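The values are calculated or read from the model by the stated rules, or taken from the named source; none is laboratory data. Model, not experiment: these values are computed from the prediction. Heads up, the Cβs are rebuilt from the backbone with ideal geometry, glycines too, and the neighbour counts pull from every protein chain shown.
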Ligand code: PEP
Ligand code: MG
């Protein structure tokens, strides 16, 4: 039963006899506390305890780290009730109550905050623990662990302050395992630990259990604002205002002997989603041993050999919990003297592969419905489904040969292979020559962006999952491994060394070939082939039949459900028939943006383009444009064919013309010669085209206004292509889009050229082509005068890249240098070029929608900036009532799912 919040109530109890709250109370009791209460009510054995609510955390930070006046009394009452529930007393010399103190936020933040176990032990109660358990080694081990943990978390000592004492003792005894230390050794260790504590903090280790408890509660609330937690929240969009709860729970021990143990398990496989109980455990250990990786845990099946009854019971609770929560659960358990206790349950984190499989299979098992299934999948994780992979057989062979030289943190999914490039410049240089590289750095910084772009993947020695390299690589969909501590980079000599300490060190140099697996974090001393993802093999290259891919079948069902529940349509940004075909394989419902300028860069076209730019008269320009016309027409025929039956929005030429001219002297001279001009003439022309602010310069419709013949040529190419295809019996729906309009007269001017040209072509061809004429809304002036503009447009496509740039005044091209600081300081919650700034730029979009619809109620509205592929921004597009989003081909699946999630929210 969910708890009604009672003002002034801060402590909520849970025991078999009396439980306050349940799974519905995550906001008040945190995820852990709410689920402990829920499990207790379900009759699952949970050690009793109480939860101090998140309201206390909020109060603590709002009042200069002070607590509500009544908190102490409520905690005392909680302890008294706990004592009564389990028949032990806090601080008792004969049979002491010991507790754990754990954080638990409303949204799971695994490992980010602090935990303390065995609290309540002191020089006297340790004797009581020996007396009540008859196990001196266990009691001393618990006490020394407590001093170590409490010393670290509450008193601020470092791990190594204790570790070196422990290591010293083990060395002097000639042993390597903690388990080889006996009771007397541990007693000695405790004495040394206490000396260390006094030396470091200037007072004795606290002996009063009550003082220990308040210190621990303090530390857990304080850990809400530690660096790890802050970074994690930022990365996962978790609000700081939520606060954490604190759970005080009676201890059960997995380290009392060989009939004890502790472990973690998932009700299904969190990597691939298979419906198979999956977990690890350690005999005779406490929870932290599993997490810390000091000892290698055993797979959960082995528990059946040692304690079959406990495993059977664990299975039954796992089943009960999965059915109860209707989701895959991640559980923690402890076995004390053969008795099983459940310490936590929460919805399990999973890969995109597992998310798809569990969602679909749970629908088939009738555990959830399709809508719930769609909500379960984190759309932002879908790129990993489409990332390149290694050929499985080839990778197995490489693994068998022991060619894994290191393992780091898998920060960006996907497989990549290439030559080691130690600088961004090298990666760029090689990319220009078609050489594939892996950018290997100690760490990356904003200067490395171009190199990150040019490389196949990124490997860094330092950094965590939220480091620069990790964040940027994920943004670029690049395979990435960070925190590869075995890697040493020597930029001076151009060499790297992989030295994990376990195998022979491997020396390599810049230019040598390596491969990285961003799914697992493995670095391989081999040149492995990468192949398209399983989904790409099924849907794009069609080299794998659907029947052979369970993933593809399940993914297809998710996508079908997505389209069924979404209102927003999903189009793609594509400039070539190939990209259009890929996008269509992934379910694109048309092209929302075809950037025509990309078509002018190919070898034979750039010459005609340059000729057009260098022209000094209309006549010369028209001659050059006539050369470009057949290319454009062929391009459009290709794209319209690839998208047959669907709309294709073609945008007229947008970038400033200087972007098409060469920069090197030799090329300039060559160009001059080719067109019978002097190189001085070319230089003069280039000077004329130079602009201080090219992004605010002679581009977009301003080109068409000054050179209407460009607009006419492009319109002719579009309508001729459409006419020819119509005659072949193909269905085509061209939409002609004018970029960078700010004033309705700009659009009216261009519309006249477009309509006259289109009419002329239709007359020549003797066929009517249905086409739409619209504009981008990417200049703030266009947004605020959208009512006037809409009178000349059949559609608006919000160019949120330029609109963000011009509204906020951030350069699209180099704000990466300072925007990260803005985000760090919380000025902007996210990069506004990635996640749409609906609080600011969004205001203009909303004005434009309202005004546009006022004068043209039938106007079609979409987005074609980068935001069209970002799940959070897609949610915004749905809320404000746009008709479609358009994104790059590989983000189409993300957008389809996000559109459905927005509709179901
Ligand atoms: C935009 O500005 O959002 C847009 C889609 O156009 P481009 O990125 O080509 O400037
Ligand atoms: Mg633009």
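Given 719, 767, 736, which one is closer than 18 Å to residue 625 by Cα and either assigned by TED's automatic domain parsing to the domain that holds residue 574 or crowded, with 17+ Cβ neighbours inside 10 Å (or both)? Checking each option against the conditions leaves just 719. For the stretch 337-382, the set of residues classified as assigned to a loop (DSSP other than H, G, I, E, B) and out of contact with any helix residue (DSSP H, G or I) (no Cβ under 8 Å at 6 or more places or on another chain) consists of 337, 348, 349, 365, 366, listed by residue number.
Considering every residue within the stretch 43-60, establish whether at least one is more than 24 Å from residue 90 (Cβ to Cβ) and either assigned to a loop (DSSP other than H, G, I, E, B) or in the same structural domain as residue 345 (by TED's automatic domain parsing) (or both). Yes, because at least one residue in the stretch 43-60 is more than 24 Å from residue 90 (Cβ to Cβ) and either assigned to a loop (DSSP other than H, G, I, E, B) or in the same structural domain as residue 345 (by TED's automatic domain parsing) (or both).
Does residue 748 fit the bill of being modelled with pLDDT of 95 or more and within 13 Å of ligand 1 (Cβ to nearest atom)? No; evaluated as a whole, the condition is false for this residue. Residues that are touching a strand residue (DSSP E or B) at 6+ places or on another chain (Cβ under 9 Å), away from ligand 2 (no atom under 16 Å from the Cβ) and farther than 18 Å from residue 860 by Cα within the stretch 756-812 comprise 758, 769, listed in sequence order. Being within 12 Å of ligand 1 (Cβ to nearest atom) and surrounded by fewer than 18 Cβ atoms within 10 Å (Cβ to Cβ) holds for only one residue in 781, 879, 812, 853, and it is 812. Pairs linking a residue in the stretch 305-316 that is in the same structural domain as residue 340 (by TED's automatic domain parsing) to a residue that is surrounded by 12 or more Cβ atoms within 10 Å (Cβ to Cβ) and part of a helix (DSSP H, G or I), with Cβ atoms under 6 Å and 6 or more positions apart or on different chains, are 311/303; 311/304. Scanning the stretch 692-716 for residues that are within 16 Å of ligand 1 (Cβ to nearest atom) and surrounded by fewer than 24 Cβ atoms within 10 Å (Cβ to Cβ) yields 693, 694, 695, 696, 697, 698, 699, 702, 703. Of all residue pairs spaced 6 or more apart or on separate chains, those with beta-carbon atoms under 8 Å, a first member in the stretch 587-600 that is closer than 8 Å to residue 886 by Cβ and a second member that is in a helix (DSSP H, G or I) and within 13 Å of ligand 1 (Cβ to nearest atom) are 592/868.
Checked against (1) under 27 Å from residue 693 (Cβ atoms); (2) away from ligand 1 (no atom under 16 Å from the Cβ); (3) at pLDDT below 95, residue 847 meets all criteria but (3). Among the residues making up the stretch 790-805, those that are more than 9 Å from ligand 1 (Cβ to nearest atom) and either buried (at least 20 other Cβ atoms within 10 Å of the Cβ) or under 20 Å from residue 874 (Cβ atoms) (or both) are 790, 792, 793, 795, 796.
Tell me, please, whether a residue that is within 13 Å of ligand 1 (Cβ to nearest atom), at pLDDT 95 or above and closer than 17 Å to residue 715 by Cβ can be found in the stretch 753-776. Within the stretch 753-776, one or more residues are within 13 Å of ligand 1 (Cβ to nearest atom), at pLDDT 95 or above and closer than 17 Å to residue 715 by Cβ.
If you check residue 787 against the conditions, is it buried (at least 17 other Cβ atoms within 10 Å of the Cβ), more than 11 Å from ligand 1 (Cβ to nearest atom), under 30 Å from residue 749 (Cβ atoms) and modelled with pLDDT of 85 or more? Taking the combined requirement at face value, the residue satisfies it.
Here the condition is being at pLDDT below 95, touching a strand residue (DSSP E or B) at 6+ places or on another chain (Cβ under 8 Å) and over 19 Å from residue 249 (Cβ atoms); of 134, 128, it holds for 128 alone.
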